[in-house]
Amino acid sequence: MENNVVLSMKGICMTFPGVKALENVDFNLKKGEIRALMGENGAGKSTLIKCLTGVNKFEAGEIYLDGIDGPIVNKDTMDAQRKGISTVYQEVNLCPNLSVAENLFIGREPMTKIGTVNRKKMNEMAAKLMKDLDLDIDVTQNLEEYSLALQQMIAIARAVDMDCKVLILDEPTSSLDDNEVAKLFGMMRRLREQGVGIVFVTHFLEQVYEVCDGITVLRNGTLVGEYSIEELPRVKLVAAMMGKDFDDLANIKPEGSGDKSKEPLVIDAKGLSHAGTIKPFDLEIHKGEVIGLTGLLGSGRTELARAIYGADRAQTGTLKVKEQEVTIKNPIDAMNLGMGLLPDDRKAEGIIGDLSVRENIILAMQAKLGIFKKIPMAKQIEIADKFIELLQIKTASRETLIKQLSGGNQQKVILARWLATDPDFLILDEPTRGIDIGTKTEIQKLVIQLAEEGKSVMFISSEIEEMLRTCNRMAVLRDGAKVGEISGEELSQEGVMKAIAGGAK
Amino acid sequence: MDKVKKITKMKLFLPIFSMILVMMINVIYDIASGNAPFSFFTISINNGILYGRLIDVLNRGSEVAILAIGMTLVVSASAGTDISVGSVMSLSGGLCCMLLAGYGVTNVSEYNVPLWVGMLAGVAIACVCGLFNGFLVAYMNIQPMVATLILWSAGRAIGLLLCNSNIVYVRVPSFQFFGAYCGIIPTPIIIAAVCVVIASIILRVTALGTYIQSVGINKKASRISGFNSAKIILLCYVICGLCAGISGLVATCRIYSADTNNIGLNMELDAILAVALGGNSLGGGKFNLAGSIIGAYTIQAITTTLYALGVSSAQAPVFKAIVVILIVVIQSEPVKAYFKKLSAKKAAAKEAVQA
Amino acid sequence: MKKLKLGSNNILLAITVALFVIMYLGGCIIYADKGFTHFQTFLNVLINNAGLIAVAAGMTCVMLTGGIDISVGSLIAMDCMFLAVGMETWGMKSPVLMVMVLIIGIVFGLVQGFCVAYLEIQPFIVTMAGMFFARGMTAVICKDQVSIVSDKLFTAISNAKINIPFGGYENKKGIYQTPFIRPTVVVALLVVVLVYLMLKYTKFGRSIYAVGGNQVSATLMGLNVRKTKLLTYTLSSFLTSIGGICYCLNTMCGTTTQATGLEMDAISSSVIGGTLLTGGVGNVLGSLVGVMINGTISTLVKSNGKLVSSWANIITAILLCFFILLQAVFAKIKESKKA
C-alpha cells in the first residue's frame, strides 16, 4: 500500500437485479484528507459507501485499509466499525433519550468491580473526550437537549473515540444552519490534523470548496475521476457530475421551445415557502408552458414543487391558480384545482404496491370524484385499457399487481393516474429516473404533446439534456432557494450549468 | 404439485381450508362417539324451528360475523386491531336495556321507552366509542391497540354503571324476537346476513374499499393521490363501533338481558381471529371481507366443536390463543423468509440433480 | 450547580406526583371521618397493591422497549390457581409451588419474548394470545374457586404483620393501633428498588432504554436488540409471577376471574408514572407513584361507599386517556420544534 493512503478501493463492481450499480470504481483516501464524494442521483455514491461499510456485498474488486494486510471484507457495519470505518448519517444514529456520556460509551461502558456500569467514570471519560474536541457539552444531559449539529458532533466523537481511521459523513449538513455547519467544519479540520481520513458526501457545492482537499466524482455507477480541489473549479465539477465535458458542449436545440409568456397565467406564486426546505420564491407558469426546475440534488427543486402542490403545506406567501387566489392545505385541494404531482420517490409516494394496475390508474380520478361516486367497473376497465395502450405499459394484465412491474412501467402507470384526471397543470418530479432509454424518450415526447394540448407542465430532472429538449423556460435553484430563471437564448447546456454552479469560480 | 400451489395461493384458501378441517374433526368425532357420521350437517325442523349443529354454528356465529366486518376494515386501514369491541358490545347492550327498563329497574315486562329508541341509543353509543377510538388513532397518532385499550377497560365499566351493576332483564317478546326465531330461522342469522349484504353492497357501490386499502398499503402515496387518510381511518373505526353495537344488541336480545359482565367477553379475540383466519394480514393493506366472514363462522364452529368435546367456555380461549399464534407466526416475516430460503434451496438441489 | 431542567418528561412526572398529593389530601379532607388520615390507610394501599407494584415494575421495563404486555392479569390468575390447586388438591408444599410458579413465569415470558423479538410479531398480538391462553389455562387447572386453607407456611406468611414503630393512633376504645405492613409489601418494594438499580446501573438496563430510544441506532451501536427484548419480556413475566404470589397471599384463593383488568392497572400505572408509550423514557419509581394513584382511586371509591366499584375502572381509564393524550401533545410539540 502506498504511503499515507488510509483507504483504497479498487475496481469495485456491484449489480442490483437488472441494473449495474457500480462498475469498476476506484476510491482512494489519504490520511488527514477530507475528500468529497460527489454525484447526482443514481450515481452510486451511497452504493459505494454501503459496499465499504458492509451493507452491500460487491461482486468484484478489493478494499485495502491501512494497517491491515490484504483485502478486507466487512460482514456488516459493526464489523466495519471494528476495523476502523465509521459512518455518521444525516439522521443521527444515537439514542435521544440517553445521556451524552451513555451515547458515547454504550456497548463499551466502563464497569465497576461488581459488574455494574461505572457511571461516574463514564461521565469523566466523556467529559474529557468532549474537552479534547473543544465541545462545550454537559455529558450528563440527555442527547435530545442538544441541537442536531451538536448531536452529529457527538456521533462523530463516538466514532473517533472508537479508533476510526476512516470517517464517512453522509450528508451531515443537510439540516444544519450556517453557524452549525461552521462548527462541524471546525471539528472536521481538527480531525484532519489528527490524521483521520474523512469521506464527505454532500450536495452543497460551497461546502465542498470550503472544507475539502479532494473530490471524487461518480456518474451512472462509474468513476468520472479523482481530483484535487485545485484542479476542479466549480463549473467543471458540475459538468463532471452532469456528464458533459465543459470544453466541448454540444448545443442541443430545444424541440419544444417557444415563448409562452403571452399566454394566460396558470400558476402565480408569490413568496411561497416551507420552513427548512425551501426559502420564499416567486414563480409564474403560463398555459401550455413546460417549465423546468433545475439545480443539483437537494437544491430545493422537489421541495418547491411540493410547496405548490400542498404536499408540504406552504407556510408563507400567496398562490393564484388561474388568477384566483387559493389556499392549498392538502393535495386534494390542489387536485381539485386541476393539478397533479408525480413524486420523485416512486416507491414511497407513488405506487400502491399491493393494488392492481387498474386500481392504481383510477386512484386519483376516484379521489377527485369522492367516495360515493365509484367509477363503474366497466369504466375502470375502459380507462385502464386506454392508458395501458396509450402509454404502452407492459403488464401481464390490467389486474397484475403494480409492484410486479418494472420501474419504467410503474412510472407510466402513475403518469396514467394523473393523465386520467385530465389536469391543467402537471408536476413531474424526476419522471425518467431509473428507467430505460426508450421509455425516457416516450415520456419526453408525452410532455411536449401535453404542452401542445394547452396543459402546463413542471418538469424536474437531473439530466439537463432532456430538460433542454422539453422546457420553454427553466427556474434555477441552489441551496434551498430559487436563484434565477433562464429562457430563450440562454437555454443551453453551458448557460444552465453556469447558473447551477453559481459564484465566480 | 403446481396444482396444489395454485390452490393454496387462492384468496379464500385459508378460511375454506380451516372450515373444512373443523368439519372433518366433527365427522371423525361423531364416528368415534357412535353418532351418525354426518350428524354435524343434519338439519331438521323441530317444533317449527330449524334445528341442527350447523344451524347452531350459524346462529351463534352471528355476533362474530358482524364484528368481523368492522374489524376487517380497521385492520386493513390502520394495521392495528380494535380490542375494545367486546366491551363496546356490552356497553351498547347495557345502555339499550337500561333505557328500555328504566334506570335501576332490573326486570320489566313492558318498555319504558319505545324499542327503537333503546336500540338506536345502543348503536349510537357504540358509534361514539368508535369515533373516540378513531380520533385517538387517526388524529393523535396513538397506536391502535393502546388507543382502544382505554375503552376495552372503560366500556364494560360504564355499561355496569348504567345497569347499576345488575343484570337487567327485558322480558318483552318483541325484544326477545331479535335473539330468537323469525319463522323457522333464528333471527340473529338474518341480522348477520343483512349486515354482511349491506357491507358488501357499500363496498361494491362506493369506492370505500379502494380508499381503505390504498391508505392501508401506502399512506404517503394515498395522500399525494388525494386521499385524506385520517378521515378514512376514523371512518373505519366508526364502522367498527357500529358493528360492535349491532352485535352487542344481538347478544343482548339473545338472553333478553344486559349481563354486562359477560356480554362480548373475549369477543375481541374471536373477531381478530376471524380476520386472521380469513387470510387477511394483521399488518394491514389488502382485505377480503368474504374471507373474514367465513373465518368468523369457522371460529364459531371451532367453539361449538370444543364445547362438544367437553371443553368449557372458560377453557376455550386456550385453543383459540394457540390458533392465533400459529397464524401470526406463519404470517411473520422471518418465518416467511425462512420458508422461501428453504424452497429456494430445494429448487437449487433439484436443478443440481437434473444437471 | 446543576440546572434544573424542565423537559417535557419531567413535567409529566411532576403532574403525576402533584396529582397523587392532591388526590390523597383531598381524600384526607373529604373522608377524614372514615380514617383516611390514618397512616394505616396509606399502608393499606401498599398492602392491597403489593402484587400490582411488582407487575408494574415489569410492565415498565417492557414499555421502555416500546412494547407492551397485556398478559399479566391472566398470568396472575393462572399463578394463583396453580398455587391454590397445588396446595389444596395436589397436596404440594408451598415453597416448591412458589418456585414452580416463578419457573412458569420465566418460560411463559421466554415464549412471548421469542415471538416478539425473533419472529417480529406485534407485541400486542402476542401478549393478547398469551392473555387468553393463561386465562383459559386457569380454567383448565380448575373451574371452581379454590381457597387456600391447608398450607400452614403460606397462611402464616399471609397473616404475618411487620409492625412500624411510628404513626399509630388510638381507636375509639382508646387502644393503640400499631401500623403494620405485610411481607408482600417488602417483596414488592424490594422488586422496585432492584429494578430501579438494574435499569440504571447495568448494561442490560441501559440497553432497554437504548432499544426504546431508537432501535436502529441501538443495533448500529452494537447492542443485541433481539436479546434485550427477549430478556425484557421474560423479566416482565417473571416479575408478574412474583406479583402473582403476592396477589395470592392477599386473596388466599384461586378463581378463573381473578385479576381481570389488572393489565390495565399496570399499564396505566406506568403511563401515569411517566413512561412513554413509544418507549425509552420512564422509570419504575414513577410507576410506583402510578400504582399508588390507582390504589388511592379505588380507596376513595370504596370510602365513598355509595359509588359502584366500576367507577374505579372508569376513573383509571380516564386518567390513562388523559396521560396518553398529554404524551401525544408533547410529542407533537417536540416534532414541530425540530422542524
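Looking only at the protein assembly as shown, where both bridge partners belong to it, what percent of the DSSP beta bridges are antiparallel (to the nearest 5)?
Taking every DSSP beta bridge within the protein assembly as shown, about 60 percent pair in antiparallel fashion.
Please give every one of the lysines within straight-line cross-link reach of C:K227, meaning a C-alpha to C-alpha distance under 19 Å, and leave out same-chain neighbours fewer than 8 residues apart.
Straight-distance partners of C:K227: C:K200, C:K203.
Could you order peptides B:340-346, A:148-154, A:34-40 by the average number of other Cβ atoms within 10 Å of their residues, highest first?
Taking the mean over residues of other Cβ atoms within 10 Å, the ranking is A:34-40, A:148-154, B:340-346.
Is the shape of region C:100-247 rounded, prolate or oblate, going by the alpha carbon gyration tensor and its root eigenvalues a ≥ b ≥ c, with a/c under 1.5 for rounded and a/b larger than b/c for prolate? Mind showing how you got there, number by number?
On the way: a/c = 3.33, a/b = 1.59, b/c = 2.10.
It comes out oblate by the Cα gyration axes.
Would you mind checking A:K45/B:K336; B:K320/C:K93; B:K231/C:K332 for any pair whose Cα atoms are more than 21 angstrom apart?
Values: A:K45/B:K336 32 Å; B:K320/C:K93 33 Å; B:K231/C:K332 19 Å.
In this structure, A:K45/B:K336; B:K320/C:K93 lie more than 21 Å apart at Cα.
For chain A, take the alpha-carbon Rg, divide it by the Kirkwood Rh, and send me Rg/Rh. The partial results should precede the final answer.
On the way: Rg = 25.1 Å, Rh = 24.9 Å.
Ratio value, two decimals: 1.01.
Would you compute the Debye intensity of chain C from its alpha-carbon atoms alone, equal scatterers and no solvent, and pass along log10 I(q)/I(0) at q = 0.08, 0.12, 0.13 Å⁻¹ to two decimals?
Results for chain C at q = 0.08, 0.12, 0.13 Å⁻¹ read -0.39, -0.88, -1.02.
With the alpha-carbon atoms as the only input, what is the per residue convex hull volume for region A:344-422 in Å³?
Each residue corresponds to 88 Å³ of Cα convex hull volume.
Does region B:92-249 classify as rounded, prolate or oblate by the C-alpha gyration tensor (a ≥ b ≥ c root eigenvalues; a/c under 1.5 gives rounded; else a/b over b/c gives prolate, otherwise oblate)? Let's see the in-between values first.
Details: a/c = 3.33, a/b = 1.64, b/c = 2.03.
Here region B:92-249 falls in the oblate category.
Quote the Stokes-Einstein diffusion coefficient, in whole µm² s⁻¹, for region B:311-355, based on the Kirkwood radius over alpha carbon pairs, a temperature of 25 °C and a viscosity of 0.890 mPa s.
Value of D from the Cα-based Kirkwood radius: 188 µm²/s.
What fraction of the Cα pairs in region B:26-166, stated in percent, has a spacing above 28 angstrom?
For region B:26-166, the fraction of Cα-Cα distances above 28 Å is 42 percent.
Of A:K50/A:K165; B:K11/B:K341; B:K3/B:K341, which sit over 19 Å apart, Cα to Cα?
Numbers: A:K50/A:K165 17 Å; B:K11/B:K341 23 Å; B:K3/B:K341 21 Å.
Violating the 19 Å limit, Cα to Cα: B:K11/B:K341; B:K3/B:K341.
So what is Rg over Rh here for chain B, counting just Cα atoms and using Kirkwood for Rh? Don't skip to the answer; put the middle values down first.
Working: Rg = 21.8 Å, Rh = 21.5 Å.
My calculation of the ratio gives 1.02.
Longest exposed-loop-site-free stretch of chain C, with chymotrypsin sites (Phe, Trp or Tyr not before Pro), DSSP loop and at most 13 other Cβ within 10 Å?
In chain C, the maximal stretch lacking such sites is C:167-339.
From the C-alpha gyration tensor of region C:249-320, pull out the three semi-axes of the equivalent ellipsoid (sqrt of 5λ each), sorted largest to smallest, in whole Å.
Semi-axis lengths for region C:249-320 are 23, 16, 11 Å.
Below 16 Å, Cα to Cα, which lysines can A:K482 reach? Residues fewer than 8 away in the same chain don't count.
Of all the lysines, those that pass the test against A:K482 - Cα under 16 Å, at least 8 places apart if same chain - are A:K270, A:K279, A:K498.
What's log10 of I(q)/I(0) for the protein assembly as shown at q = 0.04, 0.06, 0.08, 0.10 Å⁻¹, Debye sum over Cα points only, no solvent?
-0.27, -0.60, -1.05, -1.45
Quick check for me: using +1 on Lys/Arg Cβ and -1 on Asp/Glu Cβ, what's the dipole size of region B:2-309 about its Cα centre, in debye to the nearest 20?
On the way: 16 positive and 9 negative charges, 213 e Å.
Roughly 1020 debye, rounded to the nearest 20.
For region A:273-416, just list the percent of Cα-Cα distances falling in each 10 Å bin from zero outward, please.
That works out to 10, 35, 33, 19, 3, in percent per bin.
Could you state the orientation-averaged shadow area of the convex hull built on the Cα atoms of region A:154-240, in nm² to one decimal?
Result: 6.3 nm².
Could you sort the peptides A:290-296, A:221-227 by per-residue average Cβ neighbour count (10 Å cutoff), highest mean leading? Mind showing how you got there, number by number?
Working: A:290-296: 26.0, A:221-227: 17.9.
Per-residue mean Cβ counts within 10 Å order the peptides as A:290-296, A:221-227.
Give, as a single signed number, the net charge of other residues whose beta carbon lies under 15 Å from the beta carbon of B:F40, with Lys and Arg counted +1 and Asp and Glu -1.
With Lys, Arg at +1 and Asp, Glu at -1, the neighbours total 0.
For every other residue with a beta carbon closer than 11 angstrom to the beta carbon of A:D132, add +1 if it is Lys or Arg and -1 if Asp or Glu, then tell me the sum.
Numbers: positive: A:K128, A:K131, A:R190; negative: A:D134, A:D161.
Around A:D132, the charge tally is +1.
In nm, to one decimal, how far is the C:K227 label point from the C:L326 one, both placed 7 Å along Cα→Cβ?
For the pair C:K227/C:L326, the computed spacing is 3.8 nm.
Averaged over its residues, how many other protein chain Cβ atoms are within 10 Å of peptide A:86-93's Cβ atoms?
For this peptide, the per-residue mean of nearby foreign Cβ atoms is 2.
Readers should treat all values here as calculations from the given coordinates under stated rules, not as data from a laboratory. What you see is a predicted model; the values in this text were computed from it and never measured. Virtual Cβ from ideal backbone geometry, glycine too; neighbours counted across all protein chains shown.
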